[in-house]
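All remarks here apply to the structure that follows.
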Amino acid sequence: MTAEPMVYRAIAAVMAELAKVGIGKDAVNAHDGYKYRSIDAVLNALSPALVAHGLVIMPTVIAKDVIERESKSGATLLHVTLTLRYSFVADADGSRHEI
């Protein structure tokens, strides 16, 4: 019997830890007044859980599309679309899951 790759156990452990902690919508958009989860709040909650469970997330850019446009005032606007692959890697055995 082949052992279960540790990456799936690590992902499940990180998810369980984040469910306990929760990430509140504490940031407020001043212009529209709506609350949201900031990227800083997400990273602050996620980072210790990743370290504790030996999970690394590595993004890779697969494709990049840049469209240059002009704003009403004549300034240059860039619209960038990225296609990414995320690799979740368990440091316990090097197993990985890619999405």
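The values are calculated or read from the model by the stated rules, or taken from the named source; none is laboratory data. For clarity, every value in this text was computed on a predicted model and none was experimentally measured. Every residue, glycine among them, receives a Cβ derived from its backbone with ideal geometry; neighbour counts consider all protein chains shown. Ligands, DNA and RNA are excluded from the accessible area calculation, which covers all protein heavy atoms including side chains. Shrake-Rupley method; radii C 1.70, N 1.55, O 1.52, S 1.80 Å.
Worth pointing out:
- Of all residues in region 71-95, those that are touching a residue at least 12 places away in the same chain (Cβ under 8 Å) have Cβ atoms under 7 Å from Cβ atoms of residues that are among the small types (G, A, S), 6 or more apart or on another chain, in T83/A63; A90/A10; A90/G54; D91/G54; A92/G54.
- Within region 55-76, tally of residues that are touching a Leu at 6+ places or on another chain (Cβ under 9 Å) and surrounded by 10 or more Cβ atoms within 10 Å (Cβ to Cβ): 5
- Checked against the criteria, S87 does not count as modelled with pLDDT under 95 and open to solvent by less than 70 Å² (accessible area, probe 1.4 Å).
- Members of region 41-68 that are free of Cβ contacts under 8 Å to residues at least 12 places away in the same chain and over 23 Å from A90 (Cα atoms): E68
- Consider region 5-31 and keep the residues that are open to solvent by 100 Å² or more (accessible area, probe 1.4 Å) and of a type in the set (D, E, K, R). The one that is nearest to L84 (Cα to Cα) is R9.
- Near pairs, Cβ below 7 angstrom, 6+ apart or cross-chain, from region 1-28 (under 15 Å from V42 (Cα atoms) and part of a strand (DSSP E or B)) to any residue that is among the hydrophobic types (A, V, I, L, M, F, W, C) and modelled with pLDDT under 95: A27/A41
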